[in-house]
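What follows is a set of notes on a single structure, which appears directly below.
The values are calculated or read from the model by the stated rules, or taken from the named source; none is laboratory data. Keep in mind the model is a prediction, meaning the values are calculated, not measured. Every residue, glycine among them, receives a Cβ derived from its backbone with ideal geometry; neighbour counts consider all protein chains shown. Accessible surface areas use protein heavy atoms only, side chains included; no ligands, DNA or RNA. Shrake-Rupley method; radii C 1.70, N 1.55, O 1.52, S 1.80 Å.
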Amino acid sequence: MSFREPLLLAALAVVPVALVLYWLAQRRRRRYAVRYPAVDVLAPVAGRARGRHVPALLCLLALAALALALARPERTVAVEQRQGTVMLVHDTSGSMRATDVAPDRLSAAREAARTLANTLPEEFRLGLVSFGSTAQQLSEPTTDRTQVLRAIDSLAVKGSTAMGDGLTLGIQSIRAPATGPDGRPQRLPGAIVLLSDGKSTRGSDPIAVAAEAKKLKIPIYAVALGTPGGVLQRPDGSTSPVPPDTTTLQELARETGGRFFTAPTARDLEAVYANLGRGLATRDEKQEVTAAFAGGALALLLGGLVTSLLRAGRLP
């Protein structure tokens, strides 16, 4: 729950003021009460008096609901998206040869990418960018899944990790206008699914690129592939540690309003991509619920009035 006009929540201060005034009125009423010696006559009156605060309580709750309504409350709901653009930005650096994710990181990434392509709604455009020593667009955003699947099959290991350059290319692809049903260019909402298994070692700073993605309202869903103990076997028999850079990936997701995932196994990665394929078809949207609060205030006020009339035959 959030509020479109949060400063108007100051109106809630009226509630404790009204409560204090009611308490003072009750004290004054007791002060001038007259003792009634006929206990048998007083008994039914005392019974009714036990509920005499209920109408006032309902009116106070109505006042609180009305004060909240003035601040224009909103709730966040998931709504279906009919169209959108999703860019897969995949790491193809040398560390993707590591075998801590069976059979190896790159093969697991290819298979999971196919899962995403098959679960994403067919109306959505899907594209693919790979980044190793350089970033390259392997498939422009398209609804043709066959084209994307061919591009996924072509993923190959290429040198170091230019993560920032890959993200930049992904943003540019999303920003490219699409042709609408009427033949006119239109810009669709977009998101980036970033898979990486290591730290960015060259090219643009990914954090700076994420700041630009935030301005453009392009969330980054970052997936860390691999285990902290992952190692890369080199041709000369030596090994190098290749843990995923979870710190950077978490920051990218947080900065842009996306989400961060870890995938230490191929099964975990497929599950992440399957859920993303379904989840990207919805978006969070704020809906104003002022009418509900105003209606609740009216119902409480009427309840207080009716209770008072039934109790004492008069309004409080």
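Restricting the range 215-234 to residues that are part of a strand (DSSP E or B) and touching a residue at least 40 places away in the same chain (Cβ under 8 Å), which is nearest to R105 (Cα to Cα)? This residue is L225. Kindly indicate whether any position in the range 44-63 is open to solvent by less than 40 Å² (accessible area, probe 1.4 Å), modelled with pLDDT under 65, assigned to a helix (DSSP H, G or I) and under 23 Å from V306 (Cα atoms). Looking for residues that are open to solvent by less than 40 Å² (accessible area, probe 1.4 Å), modelled with pLDDT under 65, assigned to a helix (DSSP H, G or I) and under 23 Å from V306 (Cα atoms), one finds at least one in the range 44-63, hence yes.
Test D144 against the stated conditions and say whether it is open to solvent by 40 Å² or more (accessible area, probe 1.4 Å), within 18 Å of G94 (Cα to Cα) and not basic (K, R). Answer is no for this residue. Among the residues of the range 66-78, write down those that are open to solvent by less than 30 Å² (accessible area, probe 1.4 Å) and either of a type in the set (D, E, K, R) or touching a Leu at 6+ places or on another chain (Cβ under 6 Å) (or both). The answer is A67, A71, E74. Being in a loop (DSSP other than H, G, I, E, B), closer than 16 Å to A108 by Cβ and open to solvent by less than 40 Å² (accessible area, probe 1.4 Å), is that true of even one residue in the range 235-255? Within the range 235-255 (the criterion being in a loop (DSSP other than H, G, I, E, B), closer than 16 Å to A108 by Cβ and open to solvent by less than 40 Å² (accessible area, probe 1.4 Å)), the answer is yes, since at least one residue qualifies.
For the range 276-310, a residue qualifies if it is within 18 Å of the chain's Cα centre (by Cα), open to solvent by 40 Å² or more (accessible area, probe 1.4 Å) and either modelled with pLDDT of 90 or more or among the aliphatic types (A, V, I, L, M) (or both), but none of them does.
Scanning the range 181-197 for residues that are closer than 21 Å to L116 by Cβ and either assigned to a loop (DSSP other than H, G, I, E, B) or open to solvent by 20 Å² or more (accessible area, probe 1.4 Å) (or both) yields L188, P189, D197.
Taking R267, is it closer than 30 Å to G94 by Cα and exposed (fewer than 15 other Cβ atoms within 10 Å of the Cβ)? Judged against the criteria, R267 is a match. I152 fulfils the conditions (1) among the β-branched types (V, I, T); (2) closer than 30 Å to S240 by Cβ; (3) open to solvent by 20 Å² or more (accessible area, probe 1.4 Å) except for a single criterion, (3).
If you go through the range 256-275 and keep only what is assigned to a strand (DSSP E or B) and not polar (S, T, N, Q), you end up with F260, F261, A263.
The condition of being out of contact with any Phe, Trp or Tyr (no Cβ under 9 Å at 6 or more places or on another chain), at pLDDT 95 or above, among the aliphatic types (A, V, I, L, M) and within 20 Å of L120 (Cα to Cα) holds for only one of I207, I192, I171, that being I171.
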